[in-house]
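These notes are about the structure you will find just below.
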Amino acid sequence: MAQRELTDRQKEILAFIEERQRTAGFAPTLKETAAHFGFRSENSVRQHLRLIENKGRVKRVPHRSRALVVKRIKGQARFGFVRVPLLGNIAAGNPLWATEKFESVLEFPAQLFRGNELFALRVKGQSMEGAGILGGDLAILDASLEVRSGGIGAVLIEDEATLKYVHRGKRRLVLKAANPVFPDIEVDLDRLNRVRVMGSLVGVVRSI
């Protein structure tokens, strides 16, 4: 399905968000956006963002302030690079609070990672070492890509996030580490409404 065209005002707001992410490293607040465009209230900004999101051009990441992921459409990568927001930390171990700090916007060669809703999280802990994912690595994830059973994904359990192999069962979700020292995390069916699979792992970046 073709994406619905943005109105002129929506294009201006999206351009403002992208520019602020590029220059400041994080998205503008509702208050800042309202002041920039002369809106009387933040509700006007919320309504525009909701419409832009419905048209498939941004995605709001839950439980994170200033966390708007601008979706890349085909042919949009600038100068052969894709821009990926770094949203904070994720535990490769026991679940860890995924911080609300929007750290920066990273640029990678477009051929390295493919995805419409890419975002990055910094890995903490050792539970995924068996999969070659070490503490300090950057996990690159795609929020639009469903994590298949047995695949690696970022999972938000209430207010805590973790990076694990995701196994889907009829009665529960089982999160498995790649390090036998760490026990499985089992989420029963009655708690699944408090669990959100944030995205599927598409790559790992390691600082040398």
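Values in this text are rule-based calculations from the coordinates and carry no lab data. Remember, predicted model here, so these are calculated numbers, not experimental data. Because the Cβ atoms are built from the backbone with ideal geometry, glycine has one as well, and the counts that use them run over all protein chains shown.
Residues whose amide H lies under 5 Å from that of Asn116, counting only those 5 or more places away or on a different chain, are Ser144; hydrogens are built 1.01 Å from N in the peptide plane. Once the chain from Gln47 to Arg114 is taken as fully extended at 0.36 nm per residue, the excess over their C-alpha distance is 21.2 nm. Take the Cβ atoms of Glu186 and Lys31, set R0 to 45 Å, and the FRET efficiency comes out at 0.60. Quick check on my link table: of Lys59/Lys124; Lys55/Lys170; Lys59/Lys164, which ones sit more than 28 Å apart, alpha carbon to alpha carbon? The pairs that break the limit, which is 28 Å between Cα atoms, are Lys55/Lys170.
Give the shape of region 8-55 as rounded, prolate or oblate, defined through the alpha-carbon gyration tensor: a ≥ b ≥ c are the square roots of its eigenvalues, a/c under 1.5 means rounded, and otherwise the shape is prolate if a/b is larger than b/c and oblate if not. In terms of gyration-tensor shape, oblate.
On the beta carbon distance between Ser149 and Val202, with R0 = 22 Å, the FRET formula returns roughly 0.80.
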